[in-house]
Every structure is written in C-alpha cells, then in structure tokens.
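Undergrad: Attaching a single structure in structure tokens format; questions to follow.
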Amino acid sequence: MNNPIVEFKNFSYIYPKTEKIVLDGINLSIYEGEFVGIIGCNKAGKSTLCQSMVGVLPHLLGGKWDGDVLVDGINLGETKGAGATDVIGIVFQDAESQFTQETVEDEIAFAMCNFGYERSVMRERIISAATDCGLIDMLDRSPFKLSGGQQQRLAVACILALQPRVIILDESTSQLDPIGRDEVFNLVAKLHQQGRTIIMVDHNVEKIAEYVEKLVVMDKGKIILADKAEDAFQKMEFLEQFNIRVPQVTEACLKMKECLEIDKAPIKLENAIQLLQIKLEGTNFE
Amino acid sequence: MSENVIIKTSKLVHTYPTGVTALKSVDVEIKENEVVSIVGQNGSGKTTLVRHFNGLLKPTEGNIYLHGKDVTSQSVSQLSKEVGYVFQNPNHQIFSTTVRGELEVGPHNFQFSEQEIAKAIKEVSELMKIEEDLEKHPLTLDYTTKKIVTIASVLTFRPRILILDEPTGGLDQAGREILTKIIQMMKERGHTVIMISHDMDYVAENSERIIVMSQGRIIKEGAPQEVFLDEEILKQAQIEPPQIMQLDFALDVRKKRSTISVQDFVKKYKAQFPKQEGE
C-alpha cells in the first residue's frame with residue numbers, strides 16, 4: 001500500500017491554559033482517494049483532530065502536544081504553522097463567518113491572492129472551482145445573500161481553487177436544510193470521484209453511511225473504532241455505549257438479524273430495500 | 001375558539017419590505033400543552049409564522065390571539081414572558097460575557113428576585129449539564145454547548161410557550177436526548193412546545209402533531225403517522241421522511257399504516273419471517 005496522505009503517530013494535544021487531554025495518543029492513517037467519515041459525540045475531539053491536520057494546531061493556537069502529524073510525508077510540527085495548504089484544505093461548520101469579500105468571485109480569489117498567484121491562474125481556477133461547485137452563474141452575487149447550501153458550496157470552492165488533494169469538511173452540513181445538505185454531499189461525492197481524498201465530520205449517520213468508505217469513531221479524545229463503514233456500523237451495541245447510533249435501516253435489520261438469517265446488516269437504504277424485498281418474497285406479507 | 005387553544009391566528013398575511021409575501025392568509029391553532037412541529041422547505045413561511053407568536057414580526061393583515069385575547073398589537077416585551085423563542089443560530093442570541101450572565105438576562109428582565117434567579121439557574125444548568133460552563137465566555141464554547149446555553153437562557157424564565165427554531169441543528173445524540181428530556185419536562189409541567197425543524201427523524205418521534213407549510217400556506221396538519229403517509233404532500237413540501245419510513249414505504253406498497261420509529265418497523269416486519277429469534 002502507498003504511504004498515507006495523512007498520518008497521525010501517537011499524537012496528543014492539550015489546549016492552552018487547560019489540563020484536559022483533548023487528543024490522546026492518536027494513531028491514524030488516511031490514504032489518498034479515501035472518503036473518510038469521522039463521527040462521535042460533541043467534545044470527542046473531532047474538530048481538534050481536523051485542525052491538527054491543517055496545522056492550525058498546535059502552531060496557531062499553541063498548547064502542548066506530543067507525537068507527529070504528517071501530511072503527504074511533511075511533518076506539520078516542522079512547518080512552523082504554514083501547514084500543508086497546497087495539499088489539504090478545511091471547510092468549517094459556519095461558512096458565513098469565514099467570508100470577507102463582497103462577491104463570490106472575490107471570495108474564491110481571496111486565498112489565492114494571499115498566496116500570490118498569477119492573475120491568469122486565479123481567473124482559470126475561479127472558473128474551474130465555481131463550475132465544479134455549481135456557482136458559475138453567481139460570481140457577482142454577495143456571499144452573504146446565498147442560501148445555506150450555496151454558502152457551503154462557496155466555502156468548498158474557495159478551498160478547491162487552491163487545488164488541494166485532501167478536503168476536510170467539519171460539520172459543514174449541520175445547519176443546512178435537506179436540499180442544502182444534499183447539495184454538499186453530492187458535491188463532495190463528485191470531488192471524491194475525481195480522485196480527491198475527502199474527510200467529513202458529520203452527525204448524520206444515514207448520510208455518512210450512504211457516502212463514506214471508512215469510518216473513524218471518536219470518544220473523549222481517542223479513536224475507539226476505525227474500520228470500513230459497512231463493518232463499523234455492525235457494532236451497534238458497542239457504539240451505543242458511546243451515545244452513537246447506527247443508520248435506522250441498519251438498526252432495524254440488526255434487530256431482526258436472526259429472523260433475516262443475515263451475517264451483516266445493510267447500511268444504505270437502497271441495499272436494505274433490496275434485502276427485505278427478497279426476504280419478503282414467498283411470505284404472507286401484503 | 002375551542003377552550004384549550006393557546007395560540008390562534010386568523011387570516012394572517014405577512015409581506016416583507018422587499019415585497020415578498022411570506023404568509024398568505026394563514027389560520028392556525030396551537031393547543032395548550034401540545035408538542036407541535038412546523039415543517040416545510042426553506043422559504044415556506046415557518047419562521048415568519050412563529051415570529052408573529054411573540055411579536056418579533058407584526059402581520060400585514062390578520063390577527064393573533066393568545067389565550068383568546070387579541071395580541072396583534074402587543075410588543076415583544078409584552079409577549080416574550082409568555083412565549084420564549086430560541087433562535088436557530090446561537091450566535092444570533094448570545095451577548096453576555098459569561099454563561100451565567102446569559103442565563104440571568106431573561107429572569108432579570110422579568111423582575112425575578114435574586115433568590116428565584118439563582119434557583120432557576122441551578123435547576124436549568126443541572127438539567128442541561130452546563131454547570132461547569134457557567135463562568136465561561138459563551139463565545140468560547142463549542143457550537144452545541146452554545147445551542148444548549150440559548151435554550152437554557154429561555155427556560156430560566158419559564159415561558160408558557162417555548163418556540164425552538166431548528167433545535168437539533170449541530171446537536172449530537174447526547175444533545176438530542178437532552179433536548180427530548182427538556183421537551184418532555186415542559187410537556188409534563190403543562191407548557192406548550194412549538195418546534196420548527198428539518199430533522200424529520202426527530203420530528204416524527206417527538207411531536208404529537210405536525211403542521212406542513214409550503215409557499216406561505218399550511219397544506220397539511222395531523223399526527224406524524226398521518227402526515228408522513230401523504231406522498232403528495234411530502235413531494236409538494238419537499239420533505240424527506242425518516243429513513244425507516246422510506247424503507248417501510250418501499251416494502252409496504254399498500255401503505256396501510258406507517259412506522260415512525262425503528263421499534264415500530266421491527267414490530268411490523270419481524271412476524272413476517274418464518275424463522276423466529278432463538279430458533
């Protein structure tokens with residue numbers, strides 16, 4: 001297997017002026033092209049983990065840390081805060097609070113301006129990122145007058161313009177209505193198909209199960225489970241101990257596992273429908 | 001008007017200064033001590049409607065009645081003691097420098113005694129598990145805790161009616177369970193809870209009645225089982241039912257009755273399979 005694009009080696013972290021260990025001995029490898037979901041209760045350390053991958057922690061905020069975080073082989077501890085912005089980008093929960101510009105076009109250009117990109121390169125990348133994110137007809141609109149889904153897609157476009165190989169979305173859909181949420185999931189699925197590595201923190205386990213390949217489950221600063229999503233969600237009773245539920249269709253099938261004579265419950269709606277339709281054939285169910 | 005109606009609107013119309021008419025002659029009744037959810041896509045008029053209940057918005061036409069009394073011209077300060085409103089985005093609500101300060105605002109404004117304020121803060125912070133956060137700056141808290149603080153800040157002055165705008169947004173499973181406990185507690189104590197939500201899993205399991213809105217009008221009202229069975233309405237309002245209901249719909253083409261929870265689903269289908277557990 002190739003080297004991981006993101007690698008945590010026994011990484012621990014404590015925020016400044018606190019004693020609490022928020023990341024505790026993290027070991028995790030994420031490989032190029034993976035679609036990884038990170039779930040866990042609030043204060044489990046999910047956002048801290050994400051911020052550690054882009055170098056915000058520990059360089060920007062300070063605090064105490066131990067161990068290493070490597071992005072594409074670069075040890076972020078040795079980058080003095082610059083992180084690996086050409087490799088990895090992050091989109092936060094509240095996109096609106098990130099915006100500073102008057103138009104969608106300027107907003108997408110903003111990070112590139114800071115990095116001193118050539119004007120012609122910026123123009124090309126604005127068009128490309130706005131097209132990918134479905135914003136090409138909105139370049140002259142105010143970022144603050146977009147819908148929630150459009151704002152999140154703009155936040156993704158701003159990152160995408162820097163052409164990172166890894167995109168992290170930290171609870172980017174939690175404030176969106178179902179239409180906006182689906183817009184974001186569909187967009188990242190498309191970016192994943194184009195070969196990008198996607199790391200997504202989200203509370204919606206049904207959507208996570210629908211899209212991700214690998215699941216990382218956190219609790220109290222530790223990774224308690226990291227496995228293929230279809231295997232991780234089988235461990236319903238284990239996850240319940242940490243206040244984490246599995247998709248509704250998985251829960252239902254696991255509760256009927258004996259009757260259905262299955263080893264593994266489906267984690268996606270489509271697969272659950274197929275399974276149960278077959279099982280109901282020949283029964284008296286009407 | 002029936003006796004137990006706590007809020008009623010009559011031919012409510014609201015047109016924003018932009019010219020957009022967000023409510024088009026809405027007649028709705030909210031009963032005392034019920035837990036009701038208002039659902040619909042963005043722009044359907046949900047938030048505009050409930051903001052009339054505590055005076056945040058004034059109707060262009062029509063009337064609002066609280067306990068049968070016309071309160072159309074009453075101000076927010078007159079109505080908010082009775083009707084507490086928790087905003088969707090906690091950052092739009094928080095302005096104190098400590099969580100304790102945030103929790104004190106409501107009871108102070110309504111002239112609670114210092115003793116009553118201390119008692120209310122103790123009770124609410126214990127219930128919502130934020131005792132350790134009381135001296136922290138609210139803006140340093142994570143999003144979920146901020147959200148819980150905003151709910152707590154309204155509960156401290158014990159409004160008869162609690163309006164929660166997208167209460168589950170950003171909440172984890174533990175946060176959702178706390179929210180459910182709060183709603184149950186409010187119900188047991190005789191309060192009325194009105195939720196606006198896109199979270200159909202939560203709404204299906206935690207509402208007695210659902211009001212569906214589309215394009216400024218109410219297009220359906222009823223128990224969750226009834227509302228989620230109406231495919232035409234769901235389509236019109238662009239509502240996605242909970243995943244377990246979608247599974248049930250796909251299997252039970254006759255749609256004799258719907259299952260709103262995993263427990264219901266397992267009960268309905270388990271008996272269909274010849275091999276029973278334990279065999």
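The values are calculated or read from the model by the stated rules, or taken from the named source; none is laboratory data. Everything quoted here is computed from the prediction, not taken from an experiment. Quick reminder, even Gly has a Cβ in these numbers, built from the backbone with ideal geometry, and neighbours come from all protein chains shown. Surface areas here come from the heavy atoms of the whole protein model, side chains and all, with no ligands, DNA or RNA. Shrake-Rupley method; radii C 1.70, N 1.55, O 1.52, S 1.80 Å.
Undergrad: Going 7 Å from the Cα of residue A:179 toward and past its Cβ, which residues in region B:18-55 have a backbone nitrogen under 11 Å from where you end up?
TA: B:41-44
Undergrad: Follow-up question, since we're still on this one. Under 5 Å between amide H atoms, partner at least 5 residues away or on a different chain: which partners does residue A:38 have, H built in plane at 1.01 Å?
TA: Amide H neighbours of residue A:38: A:200, A:201, A:202, A:216.
Undergrad: Let me make sure I get this right: for chain A, a, b and c are the square roots of the gyration tensor eigenvalues over alpha carbons, sorted descending. Under 1.5 in a/c it's rounded, otherwise prolate if a/b > b/c, else oblate. Which is it?
TA: Cα axes put chain A in the oblate bin.
Undergrad: Heavy-atom accessible area of residue A:230 with all protein chains present, probe 1.4 Å, nearest 10 Å²?
TA: The value for residue A:230 is about 90 Å².
Undergrad: Further question on the same structure: So, R0 is 30 Å and r is the distance between the beta-carbons of residue A:189 and residue B:31; what FRET efficiency does that work out to, to 0.05?
TA: 0.10
Undergrad: Across bins of 10 angstrom width beginning at 0, how are the C-alpha pair distances of the protein assembly as shown distributed, in whole percent?
TA: Calculated over all Cα pairs of the protein assembly as shown, the distribution is 3, 16, 25, 26, 20, 9, 1, 0 percent.
Undergrad: Right, next: For chain A, give the percent of accessible area contributed by carbon and sulfur heavy atoms, probe 1.4 Å, rounded to a whole number.
TA: Looking at chain A in its full context, I get 47 percent from C and S.
Undergrad: Once ligands and nucleic acids are excluded and a 1.4 Å probe is used, how much of residue B:67 is accessible, expressed in Å² to the nearest 10?
TA: 100
Undergrad: Quick one: Cα convex hull volume of region A:100-162, Å³ per residue?
TA: In region A:100-162, the Cα convex hull volume per residue is 68 Å³.
Undergrad: Next question. Take the alpha carbon gyration tensor of region B:116-174, find the square roots of its eigenvalues, order them as a ≥ b ≥ c, and report rounded if a/c is under 1.5; if not, report prolate when a/b exceeds b/c, else oblate.
TA: The shape class here is oblate.
Undergrad: Does a label point 7 Å from the Cα of residue B:18, set along Cα-to-beta-carbon, have any residues of region A:136-171 with amide nitrogen under 16 Å, and which are they?
TA: From region A:136-171, the list is A:141-151.
Undergrad: Relative contact order for chain A using alpha-carbon pairs under 8 Å, separation at least 6, rounded to a whole percent?
TA: Here the relative contact order equals 21 percent.
Undergrad: In addition: What does DSSP give for chain A in terms of the percent of beta bridges that are antiparallel, rounded to the nearest 5?
TA: 55
Undergrad: Please give the total accessible area that chains B and A bury against each other, computed with a 1.4 Å probe and expressed in Å² to the nearest 100.
TA: Chains B and A together bury roughly 3800 Å² of accessible area.
Undergrad: Roughly how many whole Å is it from the C-alpha centroid of region B:99-124 to that of region A:72-93?
TA: Computed from Cα coordinates, the inter-centre distance equals 45 Å.
Undergrad: For chain B, what does the relative contact order come out to in percent, with C-alpha contacts under 8 Å and a separation of six or more?
TA: Relative contact order for chain B comes out at 22 percent.
Undergrad: Going 7 Å from the Cα of residue A:137 in the Cα-to-Cβ direction, what parts of region A:154-183 have a backbone nitrogen less than 15 Å from that spot?
TA: none
Undergrad: Which whole-angstrom value gives the distance between the alpha carbon centres of region B:165-204 and region B:1-66?
TA: Taking the Cα centre of region B:1-66 as reference, the centre of region B:165-204 is 20 Å away.
Undergrad: Shifting gears a bit: Using amide H atoms built in the peptide plane, which far-off residues or other-chain residues are under 5 Å from residue A:264 H to H?
TA: Amide H neighbours of residue A:264: none.
Undergrad: Something else now. With θ set to phi - 60° and the Karplus curve 6.51 cos²θ - 1.76 cosθ + 1.60, what are the ³J(HN,Hα) couplings of region B:115-122 in order, to the nearest whole Hz, using x for Gly and Pro?
TA: Karplus values, whole Hz, x for Gly and Pro: 5, 5, 5, 4, 5, 5, 5, 4.
Undergrad: Mind checking the mean number of beta-carbon atoms from other chains within 10 Å of the Cβ atoms in B:264-271?
TA: Mean number of neighbouring Cβ atoms from other chains: 5.
Undergrad: Shielding of A:253-264 by partners, i.e. mean partner chain Cβ atoms within 10 Å per residue?
TA: Taking all residues of A:253-264 together, the mean is 4.
Undergrad: For chain B, with all protein chains present and a 1.4 Å probe, just round the carbon and sulfur fraction of the accessible area to a whole percent.
TA: 48
Undergrad: Same structure, new question: Please give me the summed charge of the neighbours of residue B:13: other residues whose Cβ is under 13 Å from its Cβ, Lys and Arg +1, Asp and Glu -1.
TA: Residues close to residue B:13 contribute a combined charge of +2.
Undergrad: Is it possible to state the helix-based mean residue ellipticity at 222 nm for chain A, with each DSSP H run of 4+ residues giving -39500 (n - 2.57), the sum divided by total residues, to the nearest 500 deg cm²/dmol? What is it?
TA: -10000 deg cm²/dmol
Undergrad: Return the Rg/Rh value of region B:74-154, two decimal places, where both radii are evaluated on C-alpha atoms and Rh is the Kirkwood radius.
TA: 0.95
Undergrad: Which one of A:267, B:103, A:44 is farthest out on the positive end of the charge dipole of the protein assembly as shown, using unit charges on Cβ (Lys, Arg +1; Asp, Glu -1) and the Cα centre as origin?
TA: B:103
Undergrad: Could you work out the helix-only [θ] at 222 nm for chain B, with each DSSP H run of four or more residues adding -39,500 (n - 2.57) and the total divided by the number of residues, to the nearest 500 deg cm²/dmol?
TA: -10500 deg cm²/dmol
Undergrad: Next up: Within the set of other residues whose C-beta is less than 14 Å from the C-beta of residue B:80, count the net charge using Lys and Arg as +1 and Asp and Glu as -1.
TA: Summing Lys/Arg as +1 and Asp/Glu as -1 gives +3.
Undergrad: Additional query: Once label points are set 7 Å from the Cα along Cα→Cβ at both residue A:101 and residue B:136, what is their separation, rounded to one decimal in nm?
TA: If labels sit at residue A:101 and residue B:136, their model points lie 3.4 nm apart.
Undergrad: While we're on this one: 5 Å is the cut-off here: which amide hydrogens, built 1.01 Å from N in the peptide plane, fall below it relative to residue B:136, excluding neighbours closer than 5 in sequence?
TA: When sequence neighbours closer than 5 places are left aside, the close amide H contacts are B:99, B:100.
Undergrad: Below 13 angstrom from the Cβ of residue B:262, what's the summed charge of the other residues (Lys, Arg +1; Asp, Glu -1)?
TA: Net charge in that neighbourhood comes out at -2.
Undergrad: Kirkwood hydrodynamic radius of chain B from all distinct Cα pairs, in Å?
TA: About 20.1 Å, per the Kirkwood formula over Cα pairs.
Undergrad: Given a Förster distance of 51 angstrom, what is the FRET efficiency for residue A:115 paired with residue B:254, based on the Cβ-Cβ distance and rounded to 0.05?
TA: The computed FRET efficiency comes out at 0.25.
Undergrad: Report ³J(HN,Hα) in whole Hz for each residue of region B:203-216, in order, from the Karplus equation J = 6.51 cos²θ - 1.76 cosθ + 1.60 where θ = phi - 60°; Gly and Pro get x.
TA: Here the 3J(HN,Hα) series is 4, 4, 8, 10, 10, 7, 9, 10, 10, 9, 10, 8, 6, x Hz.
Undergrad: Okay, next question. ³J(HN,Hα) across region A:231-240 via Karplus (A = 6.51, B = -1.76, C = 1.60, θ = phi - 60°), whole Hz, x for Gly/Pro?
TA: Here the 3J(HN,Hα) series is 8, 4, 6, 6, 8, 4, 5, 4, 5, 4 Hz.
Undergrad: Rounded to the nearest whole Å², what accessible area per residue is found for the protein assembly as shown with the 1.4 Å probe?
TA: Heavy-atom accessible area per residue stands at 44 Å².
Undergrad: Dipole of chain A, Cα-centred, from +1 at each Lys and Arg C-beta and -1 at each Asp and Glu C-beta, to the nearest 20 debye?
TA: It comes to approximately 580 debye.
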